[in-house]
Amino acid sequence: SITEGYIISTEPAAGETAVKGSTIKVVISTGPELKKISVPQLKGLTKDAAVQKIEANGLSVGEIIPEASKLDAGTVIWQSEEAGTEVNEKTPISIKVSSGPEG
């Protein structure tokens, strides 16, 4: 819960004495533990609905990659993390979006 880079504790503790030249142990925070988020199902959604769902779940939008497919243009056909996978909050989730059939 302590901000990254801040000192959590020292050994000997604050106020205690230490022998000149002795080693002082300092524990520094790596930042608050990130909340785990379950990745939602995005495949089959429209690009806009998928982006909204990513953001609403505390994740961030990664790359949006167009790719030809048999599905209607604008439909999500792939996501970088499978639905139900536990990831840290704000993890970027990339999606591939159908650009429709080739040719």
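The values are calculated or read from the model by the stated rules, or taken from the named source; none is laboratory data. All of these numbers come straight from a predicted model, not from anything done at the bench. As a convention, Cβ positions derive from the backbone with ideal geometry for all residues, glycine included, and neighbour counts pool all protein chains shown. The accessibility values were calculated without ligands, DNA or RNA, using every heavy atom of the protein model including side chains. Shrake-Rupley method; radii C 1.70, N 1.55, O 1.52, S 1.80 Å.
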Completion exercise
Residue pairs within 6 Å by beta carbon, gap of at least six or interchain, first lying in region 1-25 and closer than 30 Å to Lys35 by Cβ and among the aliphatic types (A, V, I, L, M), second open to solvent by less than 100 Å² (accessible area, probe 1.4 Å) and not in a strand (DSSP E or B), listed first then second, are Ile2/Ser29; Ile8/Ile2; Ile8/Ser29
Exercise for the section: For the chain, please list each of the strands (runs of 3 or more DSSP E) lying entirely inside it that holds at least 3 residues being of a type in the set (A, V, I, L, M) and surrounded by 11 or more Cβ atoms within 10 Å (Cβ to Cβ). Expected result: 60-67, 92-98
Practice task
State whether one or more residues within region 46-54 are in contact (Cβ under 8 Å) with a residue 24 or more places away in the chain and of a type in the set (Lys, Arg).
Solution key: yes
